[in-house]
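Peer 1: Structure incoming, see below.
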Amino acid sequence: MSSRAPVYLGLGSNVGQREANLERALAALARRGFHTTRRSSLYLTEPVGGPPQDWFVNAVVEGETELRPEALLDTCLAVEAELGRVREVANGPRTIDIDLLLFGAELLGTPKLTLPHPRLHERLFVLTPLAELNPQLRHPSLGLTVAELLTRCSDRSRVLRHQPAGTGGR
């Protein structure tokens, strides 16, 4: 199945060179068949859940792929491993986190993968950059736009537009 409908990935990092980790992840995804068509600004985000840890740099990218959803998930996990992601503590610090948020309007519920991402509508650090890219995008199962989900989200964590030192903006 070709995804000519947009696929959305959420990326985050709070270990090491966070911005560089996101860039390395996007390059690794491109080598494996995910073509980024648009990307959000970077956001500095307060950790949600898990142990005390540094803030994240998060972004959402829109793209296309010839991979099926399960194969794209495997690709995301392989890139995380390549970049040193270690899963020792739930919601713990990580060099890179790549979440498959939406795969077109596909609905999927398997032991391996749920689409749309089951907590997408509960996370400001995902909804904020996603709304920047496509506020009128409709959640396939909830029927609400990303803009509507953002206004209804109960998450009160801080999400700030991020300008890395020396960039002069994005």
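Peer 1: Would you tally the residues in region 43-82 being in a strand (DSSP E or B), small (G, A, S) and more than 16 Å from R31 (Cα to Cα)?
Peer 2: Total satisfying the criteria: 1.
Peer 1: Further, regarding this structure: Taking into account only those residues within region 144-161 that are assigned to a loop (DSSP other than H, G, I, E, B) and out of contact with any Asp or Glu (no Cβ under 8 Å at 6 or more places or on another chain), which is nearest to G49 (Cα to Cα)?
Peer 2: Taking the candidates together, the pick is R156.
Peer 1: If you go through region 4-39, how many residues are touching a Lys or Arg at 6+ places or on another chain (Cβ under 9 Å) and among the small types (G, A, S)?
Peer 2: Qualifying residue count for the region: 3.
Peer 1: Return only the number of the condition from (1) surrounded by 15 or more Cβ atoms within 10 Å (Cβ to Cβ); (2) under 23 Å from L22 (Cα atoms); (3) of a type in the set (A, V, I, L, M) that L160 does not satisfy.
Peer 2: (1)
Peer 1: Given the conditions (1) modelled with pLDDT under 95; (2) surrounded by 19 or more Cβ atoms within 10 Å (Cβ to Cβ); (3) more than 15 Å from the chain's Cα centre (by Cα), and given that L149 satisfies all but one, which numbered condition is not satisfied?
Peer 2: (1)
Peer 1: Take the residues of region 12-42 that are part of a helix (DSSP H, G or I) and under 17 Å from R87 (Cβ atoms): which is farthest from the chain's Cα centre (by Cα)?
Peer 2: Within region 12-42, the match that is farthest from the chain's Cα centre (by Cα) is N21.
Matching residues to (1) in contact with a strand residue (DSSP E or B) (Cβ under 8 Å, 6 or more places away or on another chain); (2) buried (at least 22 other Cβ atoms within 10 Å of the Cβ); (3) farther than 24 Å from V159 by Cβ; (4) without any contact (Cβ under 8 Å) to a residue 40 or more places away in the chain:
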{"position": "L9", "(1), (2), (3), (4)": "yes, yes, no, no"}
{"position": "G12", "(1), (2), (3), (4)": "yes, yes, no, no"}
{"position": "A20", "(1), (2), (3), (4)": "no, no, no, yes"}
{"position": "H35", "(1), (2), (3), (4)": "yes, no, yes, yes"}
{"position": "Q53", "(1), (2), (3), (4)": "no, no, no, no"}
{"position": "T75", "(1), (2), (3), (4)": "yes, no, yes, no"}
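Peer 1: Spot the failing condition for A30; the list is (1) farther than 19 Å from T95 by Cα; (2) surrounded by fewer than 18 Cβ atoms within 10 Å (Cβ to Cβ), and only one is missed.
Peer 2: (1)
Peer 1: Report, ordered by the first and then the second residue, all pairs with beta carbons closer than 7 Å, sequence separation of six or more or different chains, a first member in region 117-135 that is closer than 12 Å to R152 by Cα, and a second member that is of a type in the set (D, E) and surrounded by fewer than 21 Cβ atoms within 10 Å (Cβ to Cβ).
Peer 2: That search, which allows pairs on different chains as well, returns E122/D155; R123/D155; L124/D155.
The values are calculated or read from the model by the stated rules, or taken from the named source; none is laboratory data. Since this is a predicted model, take the numbers as computed values, not measurements. Note that each Cβ is placed from the backbone with ideal geometry, even for glycine, and that neighbours are counted across all protein chains shown.
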